[in-house]
Amino acid sequence: MENHIKPDRNHTEMRSPTTQKCKAWGISSLWKKISHFLLGHVLRIYHHSEMEEEAWSRVQKNGNQFIVNGQPFYFNGFNTYWLMVFAVDRSTRGKVTEVFKQASAVGLTVCRTWAFNDGQWRALQKTPSVYDEEVFKALDFVLSEAEKYKIRLILSLVNNWEAYGGKSQYVKWGKDAGLNLTSDDDFFSHPTLRSYYKAHVKTVLNRVNTLTNITYKDDPTIFAWELMNEPRCESDPSGNKLQAWIEEMAVYVKSIDPKHLVEIGLEGFYGPSTPNRIQFNPSTYAQQVGTDFIRNHQVLGVDFASVHIYPDSWISETISDAHIDFTKSWIQSHIDDAENFLGMPVVFTEFGVSTKDPGYNTTYRDTLMSTVYKMLLNSTRKGGGGGGCLLWQLFPEGTDYMDDGYAVILSKSPSTSNIISLQSTRLTTFNSLCSWRCHWGCKKKHALDTFLYHDEL
């Protein structure tokens with residue numbers, strides 16, 4: 001922050017004769033008032049026109065940056081996976097509104113959530129291509145409510161894990177249909193199961209929202225489609241089986257919806273194609289799960305990279321400084337790769353720490369979040385490829401029974417809430433100043449860096 005020295009009231013400043021005359025006539029004071037009025041008026045007109053222009057436009061990408069209406073869009077966001085299921089029942093629907101309202105209050109602008117629930121309680125897809133209309137209407141409500149609070153959604157289309165159905169449910173459906181299947185990873189390779197998944201994609205993307213009358217594939221509320229939450233194919237460590245699935249499905253999504261961005265949903269593990277990057281993995285096991293960060297993201301139709309950050313799951317449950325060191329190198333290596341090899345933005349779509357971890361305390365969580373946020377700010381201030389990050393996960397009060405240990409309830413976590421809010425403010429200011437700079441042709445260097453860093457996170 002700059003030091004502003006107040007002038008001595010008794011000190012006579014050097015002024016030009018004209019300035020002294022203007023001062024005597026009161027013109028200087030009047031001119032200041034007029035200038036401030038005009039500047040304020042221009043700012044209001046610009047802000048109003050910008051808001052009108054950017055009323056609600058689709059997020060796009062330009063190189064390694066996300067853009068909205070041609071201007072940079074760096075964001076702070078969150079995960080709340082259960083929104084659709086809660087929206088089904090009127091007794092819990094209000095929690096959807098609550099979480100959007102609270103997120104918006106601390107400047108969070110992107111939410112990642114599930115657009116799937118396969119064969120389970122309150123299933124969206126009860127059996128292949130058979131849907132529960134009431135659950136679909138609940139997803140309609142989630143999109144409609146998100147738009148009210150100006151929060152964009154990343155919608156994931158299937159789970160790698162058994163929760164909410166996942167690939168194992170698709171395999172069960174296949175077995176029920178008489179297919180000879182031996183592994184959950186047959187989801188990626190069997191033509192019938194691939195056709196089940198594609199049918200689901202087609203149904204969701206072509207859904208017409210019953211509340212807004214907007215087809216999902218035309219809705220700017222949707223930031224991006226995610227092919228799968230945390231895909232792994234451990235039966236094929238070479239990565240070829242998963243690679244073929246990604247190649248097919250990314251292009252298929254784009255064939256139906258060429259407008260929206262697409263991401264895979266990967267955790268970010270380096271694989272066989274980049275032996276020189278394996279050193280950044282959290283363990284040797286990570287390179288054996290059938291994923292390959294660089295190779296997977298070079299697929300046609302994939303617009304940005306996704307990475308998760310879970311040192312407490314991948315390294316050790318017990319909290320330690322090693323977790324922070326890993327987080328720093330993990331983030332930096334993926335930003336470097338996104339910029340230097342992939343030419344696309346990277347989003348850290350899940351990060352967090354469990355309150356159930358040995359040695360956990362709020363101070364550690366705040367330190368982890370601050371570390372992630374600072375790393376992203378370092379990229380933002382250079383106009384880099386670190387597009388944003390999504391906290392896992394944000395909960396409103398009264399939903400503790402859904403907590404997996406990672407829930408952040410803002411009203412109960414004032415220090416964490418302040419850290420989130422400050423990051424959001426910095427990114428929003430960066431975006432708006434970039435927009436202002438481009439609009440008025442200002443110089444690139446301005447006082448933005450001072451604002452980004454004058455308060456330590």
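See the values below:
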item: Qualifying residue in region 160-176 (condition: touching a helix residue (DSSP H, G or I) at 6+ places or on another chain (Cβ under 7 Å), touching a residue at least 24 places away in the same chain (Cβ under 8 Å) and open to solvent by 40 Å² or more (accessible area, probe 1.4 Å)); result: no
item: Residues being under 19 Å from the mean Cα position of the chain (by Cα) and not small (Gly, Ala, Ser) - total across region 341-358; result: 10
item: Exclusive hit being touching a His at 6+ places or on another chain (Cβ under 9 Å) and among the acidic types (Asp, Glu), set GLU247, GLU267; result: GLU267
item: Region 373-391 - residue that is in contact with a Lys or Arg (Cβ under 9 Å, 6 or more places away or on another chain) and closer than 13 Å to ILE309 by Cβ and, of those, surrounded by the most Cβ atoms within 10 Å (Cβ to Cβ); result: LEU390
item: Residue check, SER235 among the polar types (S, T, N, Q), in contact with an Asp or Glu (Cβ under 6 Å, 6 or more places away or on another chain) and either free of Cβ contacts under 8 Å to residues at least 24 places away in the same chain or in a loop (DSSP other than H, G, I, E, B) (or both); result: yes
item: Residue within region 317-340 that is under 23 Å from ASP400 (Cα atoms), within 15 Å of the chain's Cα centre (by Cα) and open to solvent by less than 10 Å² (accessible area, probe 1.4 Å) present; result: no
item: Among the residues listed as LEU108, LEU83, the single one being touching an Asp or Glu at 6+ places or on another chain (Cβ under 9 Å) and at pLDDT 90 or above; result: LEU83
item: Elements of type strands (runs of 3 or more DSSP E) contained in region 88-203, each with 2 or more residues being farther than 30 Å from ARG58 by Cα; result: 125-127
item: Qualifying residue in region 406-413 (condition: open to solvent by less than 20 Å² (accessible area, probe 1.4 Å), touching a residue at least 40 places away in the same chain (Cβ under 8 Å) and under 22 Å from SER329 (Cα atoms)); result: no
item: Count of residues meeting criterion [open to solvent by less than 10 Å² (accessible area, probe 1.4 Å) and over 16 Å from the mean Cα position of the chain (by Cα)] in region 98-122; result: 3
item: Candidate set from region 238-252 (those that are among the hydrophobic types (A, V, I, L, M, F, W, C) and out of contact with any Lys or Arg (no Cβ under 9 Å at 6 or more places or on another chain)); member that is farthest from VAL204 (Cα to Cα); result: ALA244
item: Residue that is out of contact with any Asp or Glu (no Cβ under 8 Å at 6 or more places or on another chain), within 27 Å of GLY77 (Cα to Cα) and charged (D, E, K, R), where the choices are LYS259, LYS254, LYS175, LYS217; result: LYS254
item: So SER273, is it over 23 Å from GLY77 (Cβ atoms), in contact with a helix residue (DSSP H, G or I) (Cβ under 7 Å, 6 or more places away or on another chain) and part of a loop (DSSP other than H, G, I, E, B); result: yes
item: Unique match (being open to solvent by 40 Å² or more (accessible area, probe 1.4 Å), in contact with a Lys or Arg (Cβ under 8 Å, 6 or more places away or on another chain) and among the charged types (D, E, K, R)) among LYS356, LYS259; result: LYS259
item: When residues of region 231-256 are limited to those that are more than 16 Å from VAL302 (Cβ to Cβ) and either open to solvent by 10 Å² or more (accessible area, probe 1.4 Å) or of a type in the set (Gly, Ala, Ser) (or both), the one nearest to the chain's Cα centre (by Cα); result: ARG232
item: Selection within region 179-211 - free of Cβ contacts under 8 Å to residues at least 24 places away in the same chain, loosely packed, with under 15 Cβ neighbours inside 10 Å and not aliphatic (A, V, I, L, M); result: ASN180, THR182, PRO191, SER195
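The values are calculated or read from the model by the stated rules, or taken from the named source; none is laboratory data. Just so you know, these numbers come straight off a predicted model, no measurement behind them. With ideal geometry, Cβ positions are generated from the backbone for all residues, glycine too; neighbour counts draw on all protein chains shown. Side chains included, ligands, DNA and RNA excluded: accessible areas come from the protein's heavy atoms. Shrake-Rupley method; radii C 1.70, N 1.55, O 1.52, S 1.80 Å.
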